[in-house]
Amino acid sequence: MKIIQKGNAVSKGIGIGKAYLYKQYTPRIVESKIDNDLVAQELLNYQKTKFQAETEIQSIQSFLAQKNDEKAKIFQAHLDILNDIAIAEEVEDKVKNDLYTYEYAVHLAYEMFIEMLSEVDDALIKERVADLKDVKNRLLRIASGVAEANLSRLTEPSIVIAQDLYPSDTATLDRTYVQAIVTEIGGVTSHTAIIAKSYEIPAVLGIDQILDEIKHGEFVIVDAISNKIIISPDEVTLNTYLKKQQDFIAKREVTKQYLSQKPVTKDKVKVEVSINIGSANKEELDFEQYVDGVGLFRSEFLYMEETEMPSEEKQFEIYKKALSKFGEKPVILRTLDIGGDKELSYLEMPKEENPFLGNRAIRLCFDHMDLFKTQLRAALRASVFGNLWLMFPMVGSMDDVYNIKKVIEDVKKELELKKQAFNPNFKTGVMIEIPSIIMVADHVAKEVDFASIGTNDLCQYLSAVDRMNPMVSKYYQSYSPSMFRMMKLAIDAFNHEHKPISVCGELGGDLVAAPVLLGLGMRKLSMSKTSVPAIKKVIINHEMKQFEAVSKHILTLKTEAEVINYVKSQLNLED
Ligand code: PEP
Ligand code: MG
């Protein structure tokens, strides 16, 4: 038995199962040649590799088809590429005539087609580039003898151990078998953390070199309550943890009784509780009955799950579905927030030294006006079906605010010209996640209809700590007095203008921070749906006056530890 005590327990719970080491494959391209007499053997090896690739793709295809998953179609395109005669001839030619190994020939041939298609000015053809890259990678992986890793096809309860998970991994992971997630990188507010929380999958992230510590198939317990990974536990430990797991689930079930209650404090102050969503799936939308709206629709997830840019029509249908379901309740749709740790396979993004300080979110949209306007058109057209609040991420200055308003005006004019309907009463707001925007919050509050604080990024930019880097995670102090003082400035500015302000970063659903934010004058909180019962419970069981008294004192404290201890002691919060 071995115990590792490190990392961040970002999604609470206990997971027990066999380790599934998930390593994404990155091909190593080496130019290499063969002797003339090995050509026939090399071509045979190429055929065998192709055959195995075909078997793998067909098996994914039939698995997805059984689940009626439309992603099955993507894999048909992969089969077509694999069996494309022109590509195959190119590979064979490079083996026969240039005496390259078939791996290197595959690399050259596929790259030639990738380059050719990238130059064609046709969106549909460009989309095939991502498929070509995928098939090329599959062939090279098989050639180097690495087994396929696929989180959508687990066959037993598993603990997924990875360096990090990409959105495409989390989008397809089989939730019935994933008992816990452990990664080497990623902090409390990383994409993986947010997904793990919303699926109620226990997760400990940010354990350096965990992939070297655990063997594939080893039995593991993940204690995502006190940050412990137990490898090959003895019987006594296993039994203790089976009991702890049962207790945890039972306690969570009890708290769930608060789900359907109205979030009103004992002294009758009403709080709005909304949810953060990443899709318009039934599971997310069915939550409408328990909440006051969608406080954050992370629209980038729609883009990340695709292998091609989602069309205006496709987006329109998705936004329409969410807006129709929520009716009069606001749906805050955040425009594409890509960059930083989020990439799109089909969008060329130059490598940057500091991507979190780079061309991300609204900045990237300003640079890709077509993409930006397509999304805005889809959203505005969907606005007739509900209560649309459009929100823009990473706004740093009044210049950004003015630019956004200009683009919106252009899009409105375009729609009017085309006689396409939209609801002119939709609201326009900004995310408050860069300190510079808080320093001019009085101006911003006059110019926009609402704001929402993105505490995940605010903390990263306020304290100069990369939110993904485990080496500096101890400096990422979400509960620091500076965070609360900073947020107070924004809350005061918007309350002064009588404009709504909410919080949709992780602190909005956090048991320590949410009461303080309410005490500072915030009346709207948005969170992952799994946090709703516990947050409603804390609201219902306290008076707003208590929250106000706690917040007042917090502003006088000096360290994060003092803040946490004080809030917990005053409000009797359980761990
Ligand atoms: C935030 O930064 O707090 C936020 C809600 O946005 P994201 O986590 O998606 O960057
Ligand atoms: Mg953010």
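The values are calculated or read from the model by the stated rules, or taken from the named source; none is laboratory data. Remember, it's a predicted structure, so these values are computed and weren't measured experimentally. All Cβ positions, glycine included, derive from the backbone under ideal geometry; neighbour counts span all protein chains shown.
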Yes or no: Val222 of a type in the set (Val, Ile, Thr) and either within 23 Å of Val538 (Cα to Cα) or loosely packed, with under 13 Cβ neighbours inside 10 Å (or both)?
no
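Out of Leu302, Leu364, report the one residue that is of a type in the set (A, V, I, L, M) and over 15 Å from the mean Cα position of the chain (by Cα).
Numbers: Leu302 fails: over 15 Å from the mean Cα position of the chain (by Cα).
Result: Leu364 is the single residue among Leu302, Leu364 that is of a type in the set (A, V, I, L, M) and over 15 Å from the mean Cα position of the chain (by Cα).
Limited to the stretch 334-365, what total is found for residues that are within 16 Å of ligand 2 (Cβ to nearest atom) and charged (D, E, K, R)?
Of the residues in the stretch 334-365, the ones within 16 Å of ligand 2 (Cβ to nearest atom) are 334-343, 354-365.
With the extra rule that they be charged (D, E, K, R), the set shrinks to 334, 337, 341-343, 360, 363.
So the answer is 7.
For every residue, the table says whether it meets (1) away from ligand 1 (no atom under 14 Å from the Cβ); (2) crowded, with 20+ Cβ neighbours inside 10 Å; (3) under 19 Å from Val430 (Cβ atoms).
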position	(1), (2), (3)
Ser299	no, yes, yes
Glu313	yes, no, no
Glu317	yes, no, no
Ala322	yes, yes, no
Leu336	no, yes, yes
Qualifying position, being within 16 Å of ligand 1 (Cβ to nearest atom) and either modelled with pLDDT under 95 or surrounded by fewer than 17 Cβ atoms within 10 Å (Cβ to Cβ) (or both), among Asn495, Asn469
Asn469
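Residue-by-condition table, conditions (1) within 16 Å of ligand 2 (Cβ to nearest atom); (2) more than 13 Å from Thr335 (Cα to Cα); (3) surrounded by 23 or more Cβ atoms within 10 Å (Cβ to Cβ):
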residue: Asp367; (1), (2), (3): no, yes, no
residue: Lys373; (1), (2), (3): no, no, no
residue: Ala382; (1), (2), (3): no, yes, yes
residue: Gly386; (1), (2), (3): no, yes, yes
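For Thr189, state whether it is part of a helix (DSSP H, G or I), of a type in the set (S, T, N, Q) and either buried (at least 16 other Cβ atoms within 10 Å of the Cβ) or at pLDDT 90 or above (or both). Talk me through it step by step, then tell me what you get.
Values: part of a helix (DSSP H, G or I): no; of a type in the set (S, T, N, Q): yes; either buried (at least 16 other Cβ atoms within 10 Å of the Cβ) or at pLDDT 90 or above (or both): yes.
Here the answer is no, as Thr189 does not meet what is asked.
Please pick out the residue among Met483, Met468, Met487 that is within 16 Å of ligand 2 (Cβ to nearest atom), farther than 30 Å from Asn425 by Cβ and free of Cβ contacts under 8 Å to residues at least 60 places away in the same chain. Before you say what the answer is, go through the steps one by one.
Numbers: Met468 fails: free of Cβ contacts under 8 Å to residues at least 60 places away in the same chain; Met487 fails: farther than 30 Å from Asn425 by Cβ.
Of Met483, Met468, Met487, the one residue that is within 16 Å of ligand 2 (Cβ to nearest atom), farther than 30 Å from Asn425 by Cβ and free of Cβ contacts under 8 Å to residues at least 60 places away in the same chain is Met483.
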Kindly indicate whether any position in the stretch 418-429 is within 16 Å of ligand 1 (Cβ to nearest atom), touching a residue at least 60 places away in the same chain (Cβ under 8 Å) and within 30 Å of Val384 (Cβ to Cβ).
yes
Flag if Lys133 is charged (D, E, K, R), within 16 Å of ligand 2 (Cβ to nearest atom), in a helix (DSSP H, G or I) and in contact (Cβ under 8 Å) with a residue 40 or more places away in the chain
no
Only one of Ala19, Ala72, Ala77 is under 27 Å from the mean Cα position of the chain (by Cα), under 29 Å from Gln209 (Cα atoms) and of a type in the set (Gly, Ala, Ser), namely Ala19
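With within 13 Å of ligand 1 (Cβ to nearest atom) and either in the same structural domain as Gly295 (by TED's automatic domain parsing) or touching a residue at least 60 places away in the same chain (Cβ under 8 Å) (or both) as the only criterion, which of Ile434, Ile408 stands out?
Details: Ile408 fails: within 13 Å of ligand 1 (Cβ to nearest atom).
None of the other options fit; the residue is Ile434.
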What pairs come up if the first residue lies in the stretch 315-330 and is modelled with pLDDT under 95, the second is of a type outside the set (A, V, I, L, M), and their beta carbons are under 7 Å apart, counting only those six or more places apart or on different chains?
none
Selection within the stretch 499-545 - farther than 23 Å from Glu447 by Cβ, assigned to a loop (DSSP other than H, G, I, E, B) and either among the polar types (S, T, N, Q) or away from ligand 2 (no atom under 16 Å from the Cβ) (or both):
Leu511, Val512, Ser528, Asn541, His542, Glu543
Quick check on the stretch 451-461. Is at least one of its residues away from ligand 1 (no atom under 13 Å from the Cβ) and at pLDDT 95 or above?
no
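Inspect the stretch 436-443 for any residue being over 27 Å from Glu562 (Cβ atoms) and within 16 Å of ligand 2 (Cβ to nearest atom) and give the result as yes or no. Don't jump to the end; show me each part of the working.
Taking the stretch 436-443 first, the residues over 27 Å from Glu562 (Cβ atoms) are 436-437, 440, 442-443.
From the residues that got through so far, the ones that are within 16 Å of ligand 2 (Cβ to nearest atom) too are 436-437.
The answer is yes; a qualifying residue exists.
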Please verify whether the stretch 447-459 includes one or more residues that are under 15 Å from Ala361 (Cα atoms), within 12 Å of ligand 2 (Cβ to nearest atom), out of contact with any Cys (no Cβ under 9 Å at 6 or more places or on another chain) and in the same structural domain as Leu525 (by TED's automatic domain parsing).
no
In the stretch 414-435, how many are away from ligand 2 (no atom under 16 Å from the Cβ) and of a type in the set (Asp, Glu)?
2
Out of the residues in the stretch 157-181 that are away from ligand 2 (no atom under 16 Å from the Cβ) and within 23 Å of Cys459 (Cβ to Cβ), state the one that is surrounded by the fewest Cβ atoms within 10 Å (Cβ to Cβ).
Asp164
